[in-house]
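To start, the structure under review is shown below, and the notes come after it.
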Amino acid sequence: MSNTLSKTTKSAVMNTYGRFPLTIVKGKGSYVWSDSGEKYLDYTSGIATCNLGHVPAQVQAALQEQLDTLWHVSNLYHIPIQEKLATILTENSIFDAAFFSNSGAEANEAAIKLAKKYAKDQGNVERTEIVTFKQSFHGRTGTTLAATAQEKIHKGFTPIAPGFRYLPYNDIEALQEIHNGRTTAVLLELVQGEGGVNPVQQAWVTELAAICKENNILLMLDEIQTGMGRTGTLFAYEQFGIEPDVITLAKGLGSGFPIGAVLAKDKVAATFTPGTHGSTFGGNPLAATAGYATVKTMLTDKISEHVQMLSEYFFSKLNELKEIYPEIKQVKGKGLLIGLEMEKGAGTYITALREKNVLALSAGEHVLRILPPLTTTTEEINEFLKQFVEVMNEK
C-alpha cells in the first residue's frame, strides 16, 4: 500500500519543497525503489550527495559499528574519529586544518566568519566585503542567502545581510573590480551547480587567483557540489592549477549522512580560536564515521579515475545526441556534474524521464542536471541514454 499523501491530505510538514509525486523507500547503488515497488535509475544522487551510490557497503558497515558504540558527544571532548577524518582530508589536499559542521550552508557560514575575522586579525579593519558571482548558490541561511547572487533567492527575505558584492562570472574585465580596498575574500564555485552547471574558464580563474594572492585577498572555493570526486578529482581545484586558501565541503562527504567541513591553510585556520566558532553536532562520532569511511573508500577504490573514464564516455555520447537533436543547445559541466541546456523548460524532460523510471534534476529553467552516483557503470549510462533518446523522440 502506498504511503504517498493523497491530494486531500494536509501534511504537517511545512510546504517549503515542490516535491515530485514520488515516495522513495529504499536505495542501493544507482537505484531507488518507490513505496509502490517501482524501481528507478537515480541520476540525482540526492543532489550530488550519494556519491558512492545508495547505502554503500563500506560506509554502512562503519556506521553500524559506530551505532553500537557511541552516537554523540559534544565538541567539549576529544573525538578520535573526527581527528582521523580531518587527517585524511588534509593529507590528501593542500590544507592544514578542518572544521566540521552539519551542512553545506553551515560550512559556508563558517568560511564567511573565518574571512571576516581573518581581516581583523591582519589589521585590515576596512576589509568588510566578500565578492561572490552572479548565478552563484551558497545556501539558504540568512548569511549564505545574501552570499548567493540570485535575486529569486533573496525575494521575500529583504533586507539581506550586508557585506557581499556581486560580479559577473567568467568576465575577465570585471576582475579588476575585486580589489577595491574593502575586499577580504572571494567565494566562488568552480562549476556553478544550481546556477546552471556553469564551469569556470581557465584563464579567468587563473587571473582571479593571481589578483587574490597579490592583494592578500582570501580565495575561498565552495566545493559543496564539486568536491568529493564529483568532477574527476577528489577536489575540483586540483584541475585548475590554483591554490585556494579555504574550501567548503558537504553533500558527498558523508554518503548521505549530514556533515559539512571547512578546510583551510594554517595562516587562515589560526584565526579561529576557542570560543570564536563552534557546533553542537558538527563532526560528532556518527557524522565523522560516515565521512571517514566515505573518503577512505573513494581513495582506496580510485573513484576519481573511474569518474574520469565514465565522464569522457558520457560527454561524448551526449555531444553525439546534441548533433542529432537541435533542442539540445549545450552540453556542459565537468566529471559527473553534467548539464544539458535545452530549448524547452527542463521540467518537461524531468517528468518524461521519471515516467520512464529515470530520475534527473534541473539547474535553472532550461538546464537538465544529471548527477549519477560516481560508482555508476557504462551499462547504467547506456540505460539513461536509451530512455533519454526515447523522450527526445516523443517530443
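The values are calculated or read from the model by the stated rules, or taken from the named source; none is laboratory data. These numbers were taken from a predicted model, which means no experiment stands behind them. Glycine also receives a Cβ, built like all others from the backbone with ideal geometry; neighbour counts cover every protein chain displayed. In case anyone asks, the SASA skips ligands and DNA or RNA and just uses the protein heavy atoms, side chains included. Shrake-Rupley method; radii C 1.70, N 1.55, O 1.52, S 1.80 Å.
Values as computed for the structure displayed
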read-out	value
Yes/no for Ile217 being open to solvent by 10 Å² or more (accessible area, probe 1.4 Å), at pLDDT 95 or above and either within 29 Å of Gly291 (Cβ to Cβ) or not charged (D, E, K, R) (or both)	no
Failed item in (1) more than 24 Å from Lys116 (Cα to Cα); (2) open to solvent by 10 Å² or more (accessible area, probe 1.4 Å), with Glu189 passing the rest	(1)
Test: Arg354 is over 16 Å from the mean Cα position of the chain (by Cα) and at pLDDT 95 or above	yes
Test for Ile94: is it among the β-branched types (Val, Ile, Thr), farther than 14 Å from Thr294 by Cα and either in contact with a Leu (Cβ under 9 Å, 6 or more places away or on another chain) or open to solvent by less than 60 Å² (accessible area, probe 1.4 Å) (or both)	yes
Per-region count, the stretch 267-277, residues open to solvent by 10 Å² or more (accessible area, probe 1.4 Å) and either hydrophobic (A, V, I, L, M, F, W, C) or touching a Gly at 6+ places or on another chain (Cβ under 6 Å) (or both)	3
Pair list, Cβ < 9 Å and 6+ apart or interchain, from the stretch 171-195 residues that are within 16 Å of Thr248 (Cα to Cα) to residues that are part of a loop (DSSP other than H, G, I, E, B) and basic (Lys, Arg)	Ala185/Arg127; Val191/Arg230
Single residue of the stretch 88-101 satisfying the filter (touching a strand residue (DSSP E or B) at 6+ places or on another chain (Cβ under 9 Å) and assigned to a helix (DSSP H, G or I)) that is nearest to Gly229 (Cα to Cα)	Leu89
Out of Leu353, Leu368, sole residue that is in contact with a Phe, Trp or Tyr (Cβ under 6 Å, 6 or more places away or on another chain) and farther than 26 Å from Thr297 by Cβ	Leu368
Selection status of Leu63, of a type outside the set (Lys, Arg), farther than 30 Å from Arg182 by Cβ, touching a residue at least 60 places away in the same chain (Cβ under 8 Å) and outside any helix (DSSP H, G or I)	no
Meets criteria (open to solvent by less than 10 Å² (accessible area, probe 1.4 Å), in contact (Cβ under 8 Å) with a residue 40 or more places away in the chain, closer than 27 Å to Val59 by Cα and of a type in the set (Ser, Thr, Tyr)) for Thr280	no
Residues satisfying the stated conditions in the stretch 5-34, i.e. more than 25 Å from Gly254 (Cβ to Cβ) and surrounded by 12 or more Cβ atoms within 10 Å (Cβ to Cβ)	Leu5
All positions within the stretch 370-384 that are surrounded by 16 or more Cβ atoms within 10 Å (Cβ to Cβ) and in a helix (DSSP H, G or I)	Glu380, Ile381, Glu383, Phe384
Subset of the stretch 157-171 [among the small types (Gly, Ala, Ser) and surrounded by 15 or more Cβ atoms within 10 Å (Cβ to Cβ)]	Gly163
Residue within the stretch 46-56 that is at negative phi and either without any contact (Cβ under 8 Å) to a residue 60 or more places away in the chain or surrounded by fewer than 18 Cβ atoms within 10 Å (Cβ to Cβ) (or both) present	no
Meets criteria (out of contact with any Ser or Thr (no Cβ under 6 Å at 6 or more places or on another chain), modelled with pLDDT of 95 or more and open to solvent by 10 Å² or more (accessible area, probe 1.4 Å)) for Gln239	no
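Let's see how each residue does on (1) closer than 21 Å to Gly27 by Cα; (2) surrounded by fewer than 21 Cβ atoms within 10 Å (Cβ to Cβ); (3) free of Cβ contacts under 8 Å to residues at least 40 places away in the same chain:
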site: Leu299; (1), (2), (3): no, yes, no
site: Glu312; (1), (2), (3): no, yes, yes
site: Glu320; (1), (2), (3): no, yes, yes
site: Glu323; (1), (2), (3): no, yes, yes
site: Leu337; (1), (2), (3): yes, no, no
site: Glu343; (1), (2), (3): no, yes, yes
site: Ala346; (1), (2), (3): no, no, yes
site: Leu368; (1), (2), (3): no, no, yes
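Quick grid of which residues meet (1) over 30 Å from Ser45 (Cβ atoms); (2) not in a strand (DSSP E or B):
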{"site": "Val125", "(1), (2)": "yes, yes"}
{"site": "Gly139", "(1), (2)": "no, yes"}
{"site": "Thr143", "(1), (2)": "no, yes"}
{"site": "Ala174", "(1), (2)": "yes, yes"}
{"site": "Leu187", "(1), (2)": "no, no"}
{"site": "Ala210", "(1), (2)": "yes, yes"}
{"site": "Met220", "(1), (2)": "no, no"}
